[in-house]
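Structure, as structure tokens:
Just so it is clear, none of the values below were taken in a lab; they were calculated from the coordinates. All of these numbers come straight from a predicted model, not from anything done at the bench. Reconstructed Cβ throughout: ideal geometry from the backbone, glycine too, with neighbour counts over all protein chains shown.
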Amino acid sequence: MTRITITGGRPLHGRVQAAGAKNAALPILASTLLGGGECHIANLPQVRDVATMNTLLSLLGASVKQEGTGVVIKADSVQSLEAPYDLVKTMRASVLVLGPLLARFGEAVVSLPGGCAIGPRPVNLHLDGFKKLGATIELEHGYIRAYASKLQGQRIDLEMPTVTGTENLMMAACLANGTTIINNAAMEPEIEDLANFLNARGAKVSGAGTSHIVVEGVSQLHEAEYRVMPDRIETGTFLIAGMVTGGDVEVSQCIPGHLDPLISKLRESGAEVHETSDSIRVKAPAKVQALDVQTCPYPGFPTDLQAQMMAMMCVAEGTSVITENVFEGRFLHVPELQRMGASITVDGARAVVKGVPQLTGAQVMASDLRASAGLILAGLAAEGETQINRVYHLDRGYERIEDKLQSLGAIVHREPASA
Ligand code: EPZ
């Protein structure tokens, strides 16, 4: 077990480069199971979840070879159709192999992901969609068993705009007979990135990035080269790091248009924000102003930046209200922030954050990927030393975060946690 130690109170200055987007890389990698030749996928973030997905693909029989910051994948020789519990329990996005395996082989066995720190996170909408496409779904002994001689294109009206549900169904529809319509689809940029990759392989997906996606089934896909989009959540995390330390931080090789809701909130809290076609620079005000935030599906304010925003609100001038509308229970970072002197009261989906002049460093515990990021930001702003334990959560989605923070002037290092 390792922990990260931060000595806070220093404004961050400088420029970091956005890594590839974890939440685009995962469905893109899973989609190679649709078969059809060799795929060169570049700009993968060097994070644990990507390594886990590559391990799962290899376990299923695909050939996965490192190629710089990317991989070369050939999935023509898949032997197993089962994603085992031991692996799925470490990463619920493993459920993304269900759609491709079912569409290509007519069968898939995937462990139910189970809950996680940010709520139960069921996959019922994925399974209802597969049934609509003609699959038989059985749940037994904690596994999803899905069968279909040949998926038939249909209209699917999603009850909620589930991100991985939209991705799973879009992938399955690529090889179905006929046309599939996914209505009330999630509109996250990562879904557009997946569709661009699928279309580069000969699929016929239109409307990705809108709530109405149309997929015309094809008989098979072909090889392709692709570069994964930059990570908008990592980008937002570093911009908020600049704000919460009273600094001046620029993130390059990102897509500013993916962060409009955050940029307008940062401006509202007093930041000076400069954008170019592929970079965003944030200069913090002398004192961050409190503001209210509601998380929503894209293009609303992303739930994956809620914990980071809360860290910033802890030292803002005034009182902020943060409402988490996407995941129930995504406030596990609150008690840890309170240990650092934050003044927060939670009532259901609402957290009222009363800004305090200064946080103080403390020993805190990471609970999930984005909560860990929120605690890092609080530690950067706090007076004194903060130790964040269980940083394996952080490593799932942030590439070498302490190196990037050090390059901005932070005093941060990783060390083995004492027993
Ligand atoms: C994706 O998770 C992301 N993960 C999450 O990022 C992100 O927080 C989330 O979308 C929302 O933006 C990946 O892309 C790998 P959902 P996903 O299905 O697809 C409910 C991170 O930190 N729901 O859009 O699992 C669900 O419980 C991670 O990188 C059902 O009820 O999220 C939740 O309340 C964390 N039934 C809401 O919908 C279903 O079948 C949104 O979930 C599916 C979802």
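The chain gives an Rg/Rh value of 0.98, both radii derived from C-alpha positions and Rh following Kirkwood.
For the listed peptides 281-293, 31-43, a ranking on the average number of other beta carbons within 10 Å per residue, highest first, reads 31-43, 281-293.
Counting helices only, and only those DSSP H runs with n ≥ 4, report the 222 nm mean residue ellipticity of the chain as the sum of -39,500 (n - 2.57) divided by its residues, in deg cm²/dmol to the nearest 500. Walk me through the numbers before you get to the answer.
Details: 14 runs with 129 residues, N = 419.
Helix-only estimate at 222 nm: -9000 deg cm²/dmol.
The spacing between region 251-266 and region 293-364, judged by their C-alpha centroids, is 20 Å. Percent of C-alpha pairs per 10 Å bin in region 22-227, short distances first: 9, 40, 40, 10, 0.
Per the Debye calculation on region 259-317 with a single equal scatterer at every Cα and no solvent contribution, log₁₀ I(q)/I(0) for q = 0.14, 0.24, 0.28 Å⁻¹ amounts to -0.38, -1.06, -1.27.
Extension gain, Gln294 to Asp76: 0.36 nm times the residue separation minus the Cα-Cα distance gives 74.0 nm. The charge dipole of the chain, taken about its Cα centre with unit charges on the Cβ atoms of Lys, Arg (+1), Asp and Glu (-1) only, comes to about 260 debye.
Residue-wise HN-Hα couplings along region 147-156, as the Karplus relation 6.51 cos²θ - 1.76 cosθ + 1.60 with θ = phi - 60° gives them from phi, are 9, 6, 4, 7, 5, 10, x, 8, 8, 10 Hz; Gly and Pro carry x. Put a plus charge on the Cβ of each Lys and Arg, a minus charge on the Cβ of each Asp and Glu, and nothing anywhere else: the dipole of region 302-399 about its Cα centre is then about 140 debye. Here is the size of region 215-374 from its Cα atoms: Rg then Dmax, 17.3, 62 Å. Subtracting the Cα-Cα distance of His413 and Ser264 from 0.36 nm times their residue separation leaves 50.4 nm of extension gain. Comparing Gln66, Gln358, Gln17 in a Gaussian network model of the chain where C-alpha atoms under 10 Å apart are linked, the largest mean-square fluctuation is found at Gln66.
Hey, if you put +1 on the Cβ of every Lys and Arg and -1 on every Asp and Glu Cβ in region 22-227, which of Ala195, Asn43, Gln79 ends up farthest toward the positive end of that dipole? Checking the options against the dipole of region 22-227, the answer is Gln79. Treating each Cα of region 131-172 as an identical point scatterer and summing with the Debye formula, the log10 of I(q)/I(0) at q = 0.19, 0.20, 0.21 Å⁻¹ comes to -0.67, -0.74, -0.80. Computed about the Cα centre, the dipole magnitude for region 22-227 is approximately 100 debye when only Lys and Arg (+1) and Asp and Glu (-1) carry charge, each at its Cβ.
For region 62-179, how big is the tail of P(r) above 24 Å, as a whole percent of Cα pairs?
Details: 1815 of 6903 pairs.
Counting every Cα pair in region 62-179, those more than 24 Å apart make up 26 percent.
Spacing of the modelled spin labels on Ser219 and Val352, each 7 Å from Cα toward Cβ, amounts to 6.6 nm.
Between Lys65 and Met160, 0.36 nm times their residue separation minus their Cα-Cα distance comes to what? Intermediate values should be presented prior to the final figure.
On the way: separation 95, 0.36 × 95 = 34.20 nm, distance 3.63 nm.
So the chain would gain 30.6 nm between Lys65 and Met160.
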